[in-house]
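Everything below concerns the one structure shown next.
Nothing in this text is a laboratory measurement; each read-out follows from the coordinates by a stated rule. Since we're looking at a predicted model, the values are computed, not measured. Cβ atoms come from the backbone with ideal geometry, glycine included; neighbour counts cover every protein chain shown.
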Amino acid sequence: MKADVITADPEAYARAAETLHAGGLVALPTETVYGLAGDARSDTAIAAIYKAKGRPSNNPLITHILSGNQANDYALISDLAGNLMRLFWPGPLTLVMPRRDSDLAPRATAGLSTIALRNPDAPWTEGLVLAGWTGPLVMPSANLSGHVSPTTAQHVLDDLGDRIDLIIDGGPCRKGLESTVLAINGDTATMLREGALSRTLIERIAGPLETANPDSPLASPGMLARHYAPQASLRLNATARQPSETLIGFGFEYGEPTLSKSGDLAEAARNLYRLLRALDGPDARLAVAPIPNTGLGIAINDRLRRAALGR
Ligand code: TXA
Ligand code: MG
């Protein structure tokens with residue numbers, strides 16, 4: 001059985017709400033990447049998510065809330081966390097905070113004392129509410145574990161088409177990179193995952209961010225080095241193609257394929273996973289032009305380094 005792919009509209013959101021109420025899984029487009037959503041209050045739905053993705057059980061999930069106002073039901077919110085939510089939600093920022101006792105299933109937080117919360121910027125948040133669903137959703141990226149995140153409905157179909165019931169097609173994702181994950185401890189913010197909300201913007205509000213110590217319990221288990229690995233080999237900071245390589249450009253001096261001909265980092269972020277998926281293969285040899293390490297370039301370079309580590 002292949003998953004049904006339906007265009008994002010009110011009828012689709014009604015179908016999604018019905019599937020979620022029944023404990024099923026739905027792939028939904030967010031501004032970052034496509035996510036695989038299930039009821040965060042249902043251990044059965046969560047178990048099905050881990051199974052469909054082949055995800056290691058020690059890698060915790062992000063709980064997605066449909067309105068920022070729901071955060072207080074699940075987490076202890078410091079002043080700093082509240083400020084970040086008011087400025088950047090809905091949007092591509094995930095906050096890891098001390099957990100409150102709530103109706104979430106134990107597996108939603110993988111036994112941790114913290115919870116990762118995000119309020120995504122997507123039309124279906126309102127669509128689901130109008131269709132009668134207001135609950136929290138766990139939603140990892142809708143790819144097989146260890147694969148590149150999906151930025152189109154077709155990517156989800158390629159990875160999970162045989163394993164889930166429903167995919168809502170909202171076209172290509174606007175950001176193309178996963179949300180930025182910050183741990184908030186009182187007035188201290190620690191970067192756990194660079195992402196679609198640039199560090200530069202966050203630091204204007206939060207001041208200089210702490211860097212996660214990879215050995216500390218705060219560190220994000222999902223940031224294992226080889227998390228974002230394509231099958232292809234990948235050479236970084238390449239200014240010329242070597243024989244049998246495909247060179248992915250950035251800027252006017254490079255041809256096709258390119259992350260962004262005009263050297264635009266937001267466009268490069270949108271294109272990154274699409275190109276990695278399109279050009280991937282067991283024998284593929286890829287090289288990527290230098291990407292400036294500023295703004296969104298920091299997250300792009302982070303994902304490229306992980307992809308280059310390979311298997
Ligand atoms: O943009 C996104 O965040 C996408 C879309 C679908 O919303 N979701 C996503 O989820 O990227 P996932 O499961 O692929 O990544 C979740 C990340 C992992 O690195 C995980 O380790 C981290 O969040 N995380 C979740 N809960 C955590 C916690 N309590 N403490 C530290 N890290 C946590
Ligand atoms: Mg993921």
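How many Å³ per residue does the convex hull of the Cα positions in the stretch 69-220 occupy?
Measuring per residue, one finds 132 Å³ for the Cα hull of the stretch 69-220.
Most fluctuating residue of Pro230, Pro98, Pro208 in a GNM of the chain with Cα springs under 10 Å: which is it?
Pro208
What residues have an amide H closer than 5 Å to that of Asp4, excluding those fewer than 5 places away on the same chain, when H is modeled at 1.01 Å from N in the peptide plane?
Excluding prolines and chain starts, which carry no amide H, the hits are Leu166, Ile167.
Quote the FRET efficiency, to the nearest 0.05, computed for Arg204 versus Val5 with a Förster distance R0 of 51 Å and r equal to the Cβ-Cβ distance.
0.80
With the chain treated as a Gaussian network of Cα nodes joined by springs under 10 Å, which of Leu104, Leu182, Leu112 yields the largest mean-square fluctuation?
Checking each option, the largest mean-square fluctuation is seen for Leu112.
Setting aside same-chain residues fewer than 8 positions from Lys261, which lysines have a Cα under 24 Å from its Cα?
Lys175
Quick check on the stretch 236-287: take the gyration tensor over C-alpha atoms, sort the square-rooted eigenvalues as a ≥ b ≥ c, and tell me if it's rounded (a/c under 1.5), prolate or oblate.
Oblate.
Quote the relative contact order of the chain in percent (integer), defining contacts as alpha-carbon pairs under 8 Å separated by 6+ residues.
The value is 21 percent.
Please name which of Ala153, Thr190, Leu177 has its Cα lying farthest along the dipole of the stretch 150-196 towards the positive end, using unit charges on Cβ (Lys, Arg +1; Asp, Glu -1) and the Cα centre as origin.
Checking the options against the dipole of the stretch 150-196, the answer is Thr190.
In whole Å, what are the extents of the stretch 1-146 along the principal axes defined by its C-alpha atoms, from largest to smallest?
46, 31, 27 Å, listed from the longest principal axis down.
Sequence-distant or interchain residues sharing an amide H contact under 5 Å with Leu192, placed H: which?
Under 5 Å from the amide H of Leu192: Val181, Leu182, Ala183.
Going by average Cβ neighbours within 10 Å, how do the peptides 52-62, 84-94 rank, with the highest at the top?
84-94, 52-62
When a/c is below 1.5 the answer is rounded, else prolate if a/b is larger than b/c, else oblate, so apply that to the stretch 61-139 with a ≥ b ≥ c taken from the square roots of the Cα gyration tensor eigenvalues.
Oblate, since a/c reaches 1.5 and b/c is not below a/b.
Once you have the Kirkwood Rh of the chain from its Cα pairs, apply Stokes-Einstein at 20 °C and 1.002 mPa s and quote D in µm²/s.
109
Please compute the net charge surrounding Arg199, taking Lys and Arg as +1 and Asp and Glu as -1 over other residues with Cβ under 13 Å from its Cβ.
-2
Quick one: net charge around Ile6, please, counting Lys, Arg +1 and Asp, Glu -1 for every other residue with C-beta under 9 Å from its C-beta.
Overall, the nearby charge balance is -3.
Using alpha-carbon positions, what is the distance between the centroids of the stretch 262-276 and the stretch 6-47, in Å?
So the two Cα centres are separated by 27 Å.
May I ask you to order 242-253, 139-150, 11-22 by the average number of other C-beta atoms within 10 Å around their residues, highest value first?
The densest-packed peptide leads the list: 139-150, 11-22, 242-253.
What's the magnitude of the charge dipole for the chain around its Cα centre, counting Lys and Arg as +1 and Asp and Glu as -1 at the beta-carbon? Answer in Debye, nearest 20.
Dipole magnitude for the chain comes out near 740 debye.
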